[in-house]
Amino acid sequence: MGVGLAVLRVGLGTPLGLSAATTLAAVRAGVVRFAETKHCDRRGEPLRASRLSRLDPSCERSGRIAALAGWAARDCLAGFESASPLPLYFAAPARSGAPVDEAAIVAALQAEVAAPLELGEVVRGGRAGMFQLLDRLARPDAPPLALVLAADSLCDPSTLRRLGRRDRVLGAQRDGIIPGEAAAALLLARGPGEQAREGPPAARVRACSLGQVTGGRGRVQALADGLTDVFGRLAREPAARGSRPRCVASCQTGEVVEARAFSYAALRQAPLMPEPLVHLRACESFGDTGAAAPALVLALALHRLRGRAGRALLYGSADDGALGACVLEVAGSRAGAGR
């Protein structure tokens with residue numbers, strides 16, 4: 001559907017930096033934090049992960065997410081003042097891996113930031129969650145201003161052990177993921193009054209499309225068909241028409257099945273793809289960050305287009321087969337992805 005949401009501010013908390021500015025500078029320099037952990041797969045090979053060194057390796061999933069979310073929200077809302085509570089929308093991890101105490105994370109976040117926050121909704125959509133929230137926040141009954149938090153961690157001991165038992169982590173002779181963790185906070189506005197107060201927006205979400213893989217996300221053809229359908233419906237949105245995107249930014253896990261599926265879908269929906277194809281993948285810098293990935297790729301796209309007018313195509317697929325995509329437009333009047 002056509003959206004028109006304005007992205008006013010972006011804040012990040014990642015293993016590469018505790019703000020959008022430091023994180024994106026590290027990405028630009030080619031810095032990564034992939035390192036071996038004490039956990040092993042079934043063959044005894046140490047698992048690699050991208051973890052924030054400030055957090056104790058024994059820290060559990062909810063604690064890691066809360067800490068990362070606090071840094072991202074403080075980065076996003078630095079200097080922001082509001083007399084009324086700011087609605088908070090949480091793109092939370094899907095119900096897989098170690099349990100997540102969402103109430104504790106939200107409570108910790110409310111205690112960390114100066115601006116008053118009021119929980120609006122929690123969406124457990126994994127790598128498709130933020131796209132689902134964008135679709136909901138574009139509705140007429142949505143608040144004119146909202147804070148969207150996308151955060152996840154696959155680096156806690158319980159989740160790492162589980163991934164190791166399932167041989168899901170990239171190994172010397174095995175395809176897989178590199179577990180990561182991150183948080184991103186986005187200040188979004190639907191009403192012109194709020195946009196005017198913050199100045200020209202960093203970008204606008206012009207159109208959003210949701211879908212579902214049928215037949216199993218792990219099958220190349222099924223995922224390719226699902227992406228083809230989502231991209232096709234997005235291309236038919238009047239707000240998405242016009243100039244080609246300058247880049248594609250994806251929430252891919254780094255696994256071969258996702259790369260192949262995107263290749264097929266891109267060929268089928270060539271008019272929506274950049275020429276030449278510029279493909280930004282958050283997993284190359286951060287590993288698989290789960291529910292945080294869509295907001296991370298939004299920040300990467302903003303960084304790529306900094307100072308230049310243009311569009312970016314963002315997309316993601318969750319482990320349960322949920323799909324999401326959107327067209328992001330940068331006017332070129334503001335530089336960078338931070339405040």
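The values are calculated or read from the model by the stated rules, or taken from the named source; none is laboratory data. Keep in mind that what you see is a predicted model, and the values were worked out from it rather than measured. We place every Cβ from the backbone using ideal geometry, glycine too, and count neighbours over all the protein chains shown. What goes into the accessible areas is simple: the full protein's heavy atoms, side chains included, and nothing from ligands, DNA or RNA. Shrake-Rupley method; radii C 1.70, N 1.55, O 1.52, S 1.80 Å.
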Q: Starting at the first residue of region 278-285, write each ³J(HN,Hα) from the Karplus equation 6.51 cos²θ - 1.76 cosθ + 1.60 with θ = phi - 60°, in whole Hz, x for Gly and Pro.
A: 10, 10, 8, 10, 4, 4, 5, 9
Q. Near the amide H of Ala182, under 5 Å away, which other amide H atoms are found, from residues 5 or more places off or on another chain, if H is placed in the peptide plane?
A. Asp152
Q. With each label point set 7 Å from Cα along the Cα-Cβ vector, what nm distance links Phe34 and Arg260?
A. 2.0 nm
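Roll a 1.4 angstrom probe over the protein heavy atoms and tell me the percent of accessible area of region 1-66 that is carbon or sulfur.
Working: 1490 of 3020 Å².
Within region 1-66, the accessible surface is 49 percent carbon and sulfur.
What dipole magnitude, in Debye to the nearest 20, does region 217-289 give about its Cα centre under +1 on Lys/Arg Cβ and -1 on Asp/Glu Cβ? All intermediate terms of the calculation are to be shown ahead of the outcome.
Values: 10 positive and 8 negative charges, 54 e Å.
My answer is approximately 260 debye.
Counting heavy atoms of the protein chains only and a 1.4 Å probe, report the per residue accessible area for region 1-135 as a whole number of Å².
Numbers: 5650 Å² over 135 residues.
Computed with neighbouring chains in place, this is 42 Å² per residue.
Which percent, to the nearest 5, of DSSP beta bridges fully inside region 146-281 are antiparallel? Before the final figure, lay out the partial values.
On the way: 9 of 13 bridges.
Rounded to the nearest five, the antiparallel share is 70 percent.
For the chain, what Kirkwood radius comes out of the mean inverse Cα-Cα distance, in Å?
This gives a value of 19.6 Å.
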Q: Counting helices only, and only those DSSP H runs with n ≥ 4, report the 222 nm mean residue ellipticity of the chain as the sum of -39,500 (n - 2.57) divided by its residues, in deg cm²/dmol to the nearest 500.
A: -9500 deg cm²/dmol
Q: Take peptides 279-290, 73-84 and line them up by average Cβ neighbours within 10 Å, highest first, as a rough protection proxy.
A: 279-290, 73-84
Q | Residue among Val256, Cys326, Cys283 farthest towards the positive dipole end of region 250-339, charges placed on Cβ | A | Cys326
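Grab the other residues whose beta carbon is less than 12 angstrom from that of Gly125, score K and R as +1, D and E as -1, and report the net.
-1
Could you tell me what percent of the accessible area of region 71-177 is made up of carbon and sulfur, with a 1.4 Å probe and every protein chain present?
Numbers: 2080 of 4300 Å².
That fraction is 48 percent.
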**Q.** Rounded to the nearest 20 debye, dipole of the chain from Cβ charges on Lys, Arg, Asp, Glu
**A.** 800 debye
Q: Give me the Debye-computed log₁₀ of I(q)/I(0) at q = 0.16, 0.24, 0.28 Å⁻¹ for region 218-269, equal point scatterers on Cα only, no solvent, two decimals.
A: -0.49, -0.96, -1.15
Q | region 67-125 - Debye-derived log10 I(q)/I(0), Cα point model, q = 0.17, 0.22, 0.29 Å⁻¹ | A | -0.57, -0.91, -1.36
Q: Please sort 265-272, 183-190, 117-124, 36-43 by packing, taking for each peptide the average over its residues of neighbouring beta carbons within 10 angstrom, highest first.
A: 183-190, 117-124, 265-272, 36-43
Q. Residue by residue through region 127-140, which ³J(HN,Hα) values in whole Hz follow from phi under the Karplus form 6.51 cos²θ - 1.76 cosθ + 1.60 (θ = phi - 60°), with glycine and proline marked x?
A. 6, 9, x, 5, 5, 5, 5, 4, 5, 6, 6, 7, 6, x
Q. Among Ala66, Leu24, Val113, whose Cα sits farthest toward the positive end of the charge dipole of region 1-135 (+1 at Cβ of Lys/Arg, -1 at Cβ of Asp/Glu, about the Cα centre)?
A. Leu24
**Q.** Residue-wise HN-Hα coupling along region 115-125, computed from phi with Karplus coefficients 6.51, -1.76, 1.60 (Hz; x: Gly, Pro)
**A.** 6, x, 10, 10, 4, x, 7, 10, 10, 9, x
(Q) How much accessible area per residue does region 235-284 have, counting only protein heavy atoms and a probe of 1.4 Å, in square angstrom? (A) 50 Å²
Q) What order, most packed first, do the peptides 308-316, 50-58 have when packing is the mean number of other Cβ atoms within 10 Å of each residue? A) 308-316, 50-58
Q: Would you please give the residues with an amide H less than 5 Å from that of Arg51, counting only those at least 5 places away or on a separate chain, with H modeled from the backbone geometry?
A: Ala35
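For Cα pairs less than 8 Å apart in space and 6+ apart in sequence, what is the mean separation divided by the residue count of the chain, i.e. the relative contact order in percent? Walk me through the numbers before you get to the answer.
Working: 871 pairs, mean separation 84.3, N = 339.
Relative contact order comes out at 25 percent.
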Q: Of the options Cys155, His39, Gly211, report the single residue whose Cα projects farthest towards the positive end of the charge dipole of the chain (beta-carbon charges: Lys, Arg +1; Asp, Glu -1).
A: Gly211
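Which percent of the accessible area of region 254-324 is formed by carbon and sulfur heavy atoms (probe 1.4 angstrom)?
Values: 1210 of 2390 Å².
Solvent-exposed carbon and sulfur of region 254-324 make up 51 percent of the total.
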